[in-house]
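For reference, the structure is listed below as structure tokens.
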Amino acid sequence: RTSLFDPGASSSAKTPPAASQMGPKLNTIEKSKLDWAGFVDKEGLKDDLDVHGRAKEGYLGRMEFLGRVEAKREEEGRRARGL
């Protein structure tokens, strides 16, 4: 519904575009993913991100290492208790 205070308002109401014309509906995560991909392309960061993502010092590498250490500690604790 259009506002009566809108100077461009006419007596005939505008109809919203059909769902097929608007395209697929995106959720927040999909929109953020598209925005990030566009930013990376625009700034030319793809090569830098690939290099740093594969490094052992990367976040995922650290998390995997810490997971392995924790699993090893639990296993040693079970052996010490005789389980």
*asked:* Consider segment 52-83. How many of its residues are closer than 30 Å to F39 by Cα, open to solvent by 90 Å² or more (accessible area, probe 1.4 Å) and of a type outside the set (F, W, Y)?
replied: 7
_Return the residues of segment 21-35 that are at pLDDT below 90 and surrounded by 11 or more Cβ atoms within 10 Å (Cβ to Cβ); say none if nothing qualifies._
L26
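The values are calculated or read from the model by the stated rules, or taken from the named source; none is laboratory data. Only a predicted model underlies this, so the values are computations on that prediction, with no experimental measurement involved. Virtual Cβ from ideal backbone geometry, glycine too; neighbours counted across all protein chains shown. To get the accessible areas, we keep the full protein, side chains included, count just its heavy atoms, and leave off ligands, DNA and RNA. Shrake-Rupley method; radii C 1.70, N 1.55, O 1.52, S 1.80 Å.
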